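Below is one structure, written out as structure tokens; the observations come after it.
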Amino acid sequence: MPEQTLTIADNRTGESYTLPIENGTVRAMDLRQIKIDADDFGLMTYDPALMNTASTRSAITFIDGDKGILEYRGYPIEQLAETCSFLQVAYLILFGELPSEKQLAAWTYDITHHTFVHENIKTLMQAFRYDAHPMGMFISTVAALSTFYPEANEVNDVENRLVQIKRLIAKVPTIAAYTFRHNRGLRYVYPDNDLSYTGNFLNMMFKMTETKYTANRALERALDVLFILHADHEQNCSTNAMRSIGSSRVDPYSATAGAAAALYGPLHGGANEEVLKMLSRIENTRNIPEFIQRVKNGEGKLMGFGHRVYKNYDPRARIIKRVADDVFEVTGRNRLLDIALELERIALEDEYFISRKLYPNVDFYSGIIYQAMGLPVAMFPVMFAIPRTLGWLAQWQEMITDSEQKITRPRQIFVGHPRRDLPT
Ligand code: ACO
């Protein structure tokens, strides 16, 4: 086997350095020994948007963007989506192995029995304007949870951490559903402990006058699959935010609120909202060629296409297309689906998208499904945030217990004015 090292010649000094290569990386800190003189700070790397920097070791999610592979703890996403429930996958992602029957029963019981929120949370949410964006309400309410559980700042206490993790996974659907009911001017619906994670979510969203809500089995399962697909995606923008905020050792509620804020952006979890707006604007398949031309002219993006990591078909998008069929069988076909399918067909044959390796991502079809389920567009990023809370927490826990991690603090290249004195 060839030697796993990198030799660097510094032409400024004529010195040469040999650095170890491990897992296809060199340690950025190893570069600091490369100096022009004793006063020099040492060589740094410049990597805006962290395009080529591994910020952590992680054992949670594996992605091969060129091959279109996504695995949680080694299991392919296709198999997990086919056979597991969201709570099984949640356990797997958090603890590293699938739960036994007994473990799953205990885990389900724990999550189910943490779904209620303090009545003051309801009062707090009622203070929002009737038309407040649900994601803004979600972010603020999750942050407010830290004031209800002040002990959550004991982040180094294993047991304490686990309680907060369970609370967050259990309460985010409740908060999400309350944002929806608030926008609609409907009374809040309390969790029903007899129902599954997604069945209860549908109950809190859509229950009207019936004494007991029964979710449509196909929709309940479709939502479970969507939640599995969105559970984690390694070091994306919001997860990086979660780790970075959490590295200050703040409580997980505050960190999760920060991660959710990162997710809200239109280039990340807000993309599904943008896709729906885009499809509605296109209005008719006849208008697609003109729309594509405008994208190619740089007048906007084809939302739901492209990914920093996937340079192949996003495997989640493939599964979501199948989920869409199951949902439309219950709800009737969403007319925007025809526009989406035609848009995808045309884009995948177009040189602009082919040469840039732009394929549909998870958000291209998820919005169409959520709309068919009766959700307003503004709820879409919230639907992403519910399952991703799990991923954020697993990544946060991994970061907290990683002895190599410290408070995140990147460097900068200062390009501002050199020292000067105020005019006298
Ligand atoms: N439509 C048109 N052109 C695009 C698109 C798109 N959706 N995405 C990328 N491009 C083009 C860029 O203009 C650029 O072209 P150029 O080389 O001629 O300048 C080239 O493809 C490379 O794109 P970058 O922006 O450099 O790719 P990056 O990795 O930085 O961006 C991102 C990835 C943000 C996802 C981008 O593809 C995008 O904005 N997509 C639309 C928004 C979206 O769907 N986001 C959801 C991502 S998935 C998720 O968060 C769950």
Quickly run through the range 291-310 and pick out the residues that are open to solvent by 70 Å² or more (accessible area, probe 1.4 Å) and either away from the ligand (no atom under 11 Å from the Cβ) or farther than 20 Å from D232 by Cβ (or both). Q293, R294, K296, N297, E299, K301
Has the range 96-105 got any residue that is touching a residue at least 60 places away in the same chain (Cβ under 8 Å) and in contact with a helix residue (DSSP H, G or I) (Cβ under 7 Å, 6 or more places away or on another chain)? no
If I ask for residues that are touching a residue at least 60 places away in the same chain (Cβ under 8 Å) and part of a helix (DSSP H, G or I), which ones from the range 126-135 would you list? P134, M135
Do you know which residues across the range 411-424 are over 15 Å from R27 (Cβ atoms) and at pLDDT 95 or above? Q412, I413, F414, V415, G416, H417, P418, R419, R420, D421, L422, P423
Quick one: in the range 264-282, which of the residues that are outside any helix (DSSP H, G or I) and open to solvent by less than 10 Å² (accessible area, probe 1.4 Å) is nearest to the ligand (Cβ to nearest atom)? G269
N312 passes all but one of the listed conditions (1) in contact with a helix residue (DSSP H, G or I) (Cβ under 9 Å, 6 or more places away or on another chain); (2) closer than 25 Å to M51 by Cβ; the exception is number (1)
Near pairs, Cβ below 7 angstrom, 6+ apart or cross-chain, from the range 180-200 (crowded, with 17+ Cβ neighbours inside 10 Å) to any residue that is acidic (D, E): N183/D131; S196/E220; T198/E220; T198/D224; G199/E220; N200/D192
Name, by its number, the condition in (1) open to solvent by 40 Å² or more (accessible area, probe 1.4 Å); (2) in contact (Cβ under 8 Å) with a residue 40 or more places away in the chain that does not hold for L70. (1)
Quick one: which strands (runs of 3 or more DSSP E) lie wholly within the range 1-91 and hold at least 3 residues that are of a type in the set (A, V, I, L, M)? 5-10
Looking at A241, A261, can you tell me which residue is touching a helix residue (DSSP H, G or I) at 6+ places or on another chain (Cβ under 7 Å), at pLDDT 90 or above, open to solvent by 40 Å² or more (accessible area, probe 1.4 Å) and part of a helix (DSSP H, G or I)? A261
Would you tally the residues in the range 73-95 being open to solvent by 50 Å² or more (accessible area, probe 1.4 Å) and of a type in the set (A, V, I, L, M)? 0
What's the number of the only condition in (1) modelled with pLDDT under 90; (2) buried (at least 24 other Cβ atoms within 10 Å of the Cβ) that P387 fails to meet? (1)
Please work out which residue is nearest to the ligand (Cβ to nearest atom), limiting yourself to the range 244-258 and to residues that are buried (at least 21 other Cβ atoms within 10 Å of the Cβ) and of a type in the set (S, T, Y). T256
Among the residues of the range 348-376, the number that are among the aliphatic types (A, V, I, L, M), in contact (Cβ under 8 Å) with a residue 12 or more places away in the chain, within 15 Å of the ligand (Cβ to nearest atom) and surrounded by fewer than 21 Cβ atoms within 10 Å (Cβ to Cβ) is 1
Please go through the range 216-238 and give me each residue that is assigned to a loop (DSSP other than H, G, I, E, B), within 14 Å of the chain's Cα centre (by Cα) and not charged (D, E, K, R), ordered by number. H230, A231, H233, Q235, N236
State the number of residues belonging to the range 311-339 that are open to solvent by 50 Å² or more (accessible area, probe 1.4 Å) and in contact with a Lys or Arg (Cβ under 8 Å, 6 or more places away or on another chain). 2
Has the range 323-340 got at least one residue that is within 10 Å of the ligand (Cβ to nearest atom) and under 30 Å from V172 (Cβ atoms)? no
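Conditions tested, residue by residue: (1) in contact with a Lys or Arg (Cβ under 8 Å, 6 or more places away or on another chain); (2) within 22 Å of Y313 (Cβ to Cβ).
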residue: L341; (1), (2): no, yes
residue: E344; (1), (2): no, yes
residue: F353; (1), (2): no, yes
residue: K357; (1), (2): yes, yes
residue: F364; (1), (2): no, yes
residue: V377; (1), (2): yes, no
residue: I386; (1), (2): no, no
residue: L393; (1), (2): no, no
residue: Q397; (1), (2): yes, no
Over the range 390-424, the set of residues surrounded by 10 or more Cβ atoms within 10 Å (Cβ to Cβ) and among the small types (G, A, S) is G391, A394
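The values are calculated or read from the model by the stated rules, or taken from the named source; none is laboratory data. Given the structure is predicted, the values throughout are model-derived calculations rather than measurements. In this analysis, Cβ positions are derived from the backbone assuming ideal geometry, glycine residues included, and neighbour counts consider all displayed protein chains. The protein model used for the area step is the full one, side chains on, heavy atoms only, and it has no ligands, DNA or RNA in it. Shrake-Rupley method; radii C 1.70, N 1.55, O 1.52, S 1.80 Å.
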